[in-house]
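Quick notes on the structure that follows.
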Amino acid sequence: QVTFVESGGGLVQPGGSLRLSCAGSGIVVSMTSMGWYRQAPGKERELVATIWVSQGTWYADSVKGRFTISRDNAKNTVYLQMNALKSDDTAVYYCNSYTRPLPWGQGTQVTVSS
């Protein structure tokens, strides 16, 4: 059974930073392309960043230059470093396989507010 456990969210002021973690179980995150997604209130879930098996990355235009996705193979964990946070980044953040849908975790809430 594959599970993802996201953590690291919280309340941060505009311009602040957070680092999200996604621990995978039942899956080797280095052997599948992984994505970070977010869902804001009243909006559909959207993909914000992807890390390929090759370690290449992709970012949505809305986060490019501010967010960095990375992976620690030894810890089987994917990270999302978020800098220069804006109120529009407020959402629940999830990780999942990019190439094949797997059960979603609980997500981690990120709130950007002064």
Q: Would you check if T90 is surrounded by fewer than 17 Cβ atoms within 10 Å (Cβ to Cβ) and either under 18 Å from P14 (Cα atoms) or more than 11 Å from the chain's Cα centre (by Cα) (or both)?
A: no
Q: Could you check, for region 51-61, whether at least one of its residues is of a type in the set (S, T, Y) and more than 15 Å from the chain's Cα centre (by Cα)?
A: yes
(Q) Tell me yes or no: at least one residue of region 97-109 is of a type in the set (A, V, I, L, M), buried (at least 21 other Cβ atoms within 10 Å of the Cβ) and touching a strand residue (DSSP E or B) at 6+ places or on another chain (Cβ under 8 Å). (A) no
(Q) Cβ contacts < 8 Å: first residue free of Cβ contacts under 8 Å to residues at least 60 places away in the same chain, restricted to region 61-87; second residue among the small types (G, A, S) and in a loop (DSSP other than H, G, I, E, B), any location; separation 6+ or different chain. Result? (A) R66/A84
(Q) Which residue is least open to solvent (accessible area, probe 1.4 Å), if the candidates are limited to region 61-76 and must be of a type in the set (K, R) and part of a loop (DSSP other than H, G, I, E, B)? (A) R66
Q. Mind checking which residues of region 8-58 are among the polar types (S, T, N, Q), surrounded by fewer than 14 Cβ atoms within 10 Å (Cβ to Cβ) and in a strand (DSSP E or B)?
A. S25
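The values are calculated or read from the model by the stated rules, or taken from the named source; none is laboratory data. Quick caveat: nothing in here was measured; it's all calculated off a predicted structure. Neighbour counts run over all protein chains shown; Cβ positions are idealised from the backbone, glycine included. Note: accessible area is taken over every heavy atom of the protein model, side chains too, but ligands, DNA and RNA are not part of it. Shrake-Rupley method; radii C 1.70, N 1.55, O 1.52, S 1.80 Å.
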